[in-house]
1. For a bin width of 10 Å, list the pair-distance distribution of the chain built from all Cα-Cα distances, rounded to whole %.
2. Restricting to DSSP H runs of at least four residues, report the calculated mean residue ellipticity at 222 nm for the chain, -39500 (n - 2.57) per run over all residues, nearest 500 deg cm²/dmol.
3. Sort the following peptides by mean Cβ neighbour count (other Cβ atoms within 10 Å, averaged over residues), highest first: 58-70, 25-37, 8-20.
4. Carbon and sulfur: what percent of the chain's accessible surface (1.4 Å probe)?
5. Would you mind counting up the charge near Ala46? Only other residues with Cβ under 11 Å from its Cβ, with Lys and Arg at +1 and Asp and Glu at -1.
6. Given contacts defined as C-alpha pairs under 8 Å and at least six residues apart, what's the relative contact order of the chain, whole-number percent?
7. Run the numbers for Leu54 and Asn69: contour at 0.36 nm per residue of separation, minus the present Cα-Cα distance, in nm.
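The values are calculated or read from the model by the stated rules, or taken from the named source; none is laboratory data. Not measured: the values here are computed from a predicted model. Using ideal geometry, Cβ is built from the backbone for each residue, glycine included, and neighbour counts are taken over all protein chains shown. The accessibility values were calculated without ligands, DNA or RNA, using every heavy atom of the protein model including side chains. Shrake-Rupley method; radii C 1.70, N 1.55, O 1.52, S 1.80 Å.
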Amino acid sequence: MHRSLNNLRQKALISQEKQRLIDDLLAKADQALKKDALTAPADNNAYDLYQQVLVEDADNTLAKQGLVNI
């Protein structure tokens, strides 16, 4: 039971870290969109950042809408 509780805690922490990553990527993508950095520069553009969100969360509606907006 103790091991099971530790596994749940670990999964919750991973989930929180993943959500922070997604939130950070979405914020960067939104900033890039506002700056009209749609597909360039190669390392920091809205399209690539929204795609990175979808790698982490394939059903993310904010990232999907961001791609539609591009």
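1. Once binned at 10 Å, the Cα pair distances of the chain give 22, 42, 19, 12, 5, 0.
2. Mean residue ellipticity at 222 nm (helix-derived): -25500 deg cm²/dmol.
3. Those peptides, ordered most packed to least, come out 25-37, 58-70, 8-20.
4. 52
5. After counting each charged neighbour, the total is 0.
6. The value is 26 percent.
7. Here the segment from Leu54 to Asn69 would lengthen by 3.9 nm.
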